[in-house]
1. Taking the chain as a Gaussian network, Cα atoms linked when under 10 Å apart, which of SER170, SER15, SER29 shows the biggest mean-square fluctuation?
2. Tally Lys and Arg at +1 and Asp and Glu at -1 over the other residues with C-beta under 15 Å from the C-beta of ALA9: what net charge comes out?
3. So who's got an amide H within less than 5 Å of the one on ARG92, skipping anything under 5 residues away but keeping other chains? H placed 1.01 Å off N, in plane.
4. Beyond 16 Å, what percent of the Cα pairs of the range 93-160 remain?
5. What is the dipole size for the range 29-152, taken about its Cα centre, with +1 at each Lys and Arg Cβ and -1 at each Asp and Glu Cβ, in debye to the nearest 20?
6. Report the FRET efficiency, 1/(1 + (r/R0)^6), for THR49 and ASP93, where r is their Cβ-Cβ distance and R0 is 25 Å, rounded to 0.05.
7. Starting at the first residue of the range 159-165, write each ³J(HN,Hα) from the Karplus equation 6.51 cos²θ - 1.76 cosθ + 1.60 with θ = phi - 60°, in whole Hz, x for Gly and Pro.
8. Which residue, GLU136, GLU22, GLU91, has the most motion in a Gaussian network model of the chain that connects Cα atoms within less than 10 Å?
Amino acid sequence: MYSWAVSTAERLIESTRELLWERGYVGTSPKAILERAGAGQGSMYHHFTGKPDLALAAIRRTAEELRAAAQGVLDGPGTPYERIEAYLRRERDVLRGCPVGRLTMDPDVIASDELRAPVDETLDAIRERIAGIVEEGKEQGQFGPELDGEAIAAAVLATVQGGYVLARASGSPAAFDAGVRGLLSLLRPQDHPTV
């Protein structure tokens, strides 16, 4: 339940974000949103045109926060390898899954170009940033010239998203951690002997 000092629209968005992460779009009813937000019956329709409009606001906010968190790590200090490692090892609620990635399993989100757009944009932005970091590492001689930045970026995202699925299935973050360790061992730069 949210403080009344927070606006009703804000409480509705935050409640929807939480419910989408917990239950997905289909499992998130307007009644559940209103109950979680502590809002009255007509509140949703006063601030939003309906559930899709409110869900879009919630998905956009979640996507923006995820993108900002990823970019904060990927644009941080360190070598290209260290920044990719920091992204893979950053604090996550592994057993809860990715709040954006989980939306890709929701048929109503995938069927809606509007609801799917923030999900696509976020994953694309993270993938593009990682690909750029791989290319930066190649230019610095940290990664071999044979590495394809786009392919490595796709592998990094697949490891993260697949790691969430494996961890949730097993009920343990160990599967996520094993995937991260495996990918990092494949990416780890080899020491080049000096001539």
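Please treat every number below as a calculation from the coordinates, not as lab data. What you are looking at is a predicted structure, and each value in this text was computed from that prediction instead of being measured. Note that we place each Cβ from the backbone using ideal geometry, even for glycine, and neighbour counts take in every protein chain shown.
1. SER170
2. Values: positive: ARG11, ARG17, ARG36, LYS51, ARG60, ARG61; negative: GLU10, GLU14, ASP53.
Here the charged neighbours net out to +3.
3. Under 5 Å from the amide H of ARG92: no residue qualifies.
4. Details: 1261 of 2278 pairs.
Result: 55 percent of Cα pairs exceed 16 Å.
5. Numbers: 16 positive and 23 negative charges, 147 e Å.
It works out to roughly 700 debye.
6. Values: r = 31 Å, r/R0 = 1.25.
Computed FRET efficiency for THR49 and ASP93 comes out at 0.20.
7. 5, 5, 5, x, x, 4, 4
8. Fluctuation is largest for GLU91.
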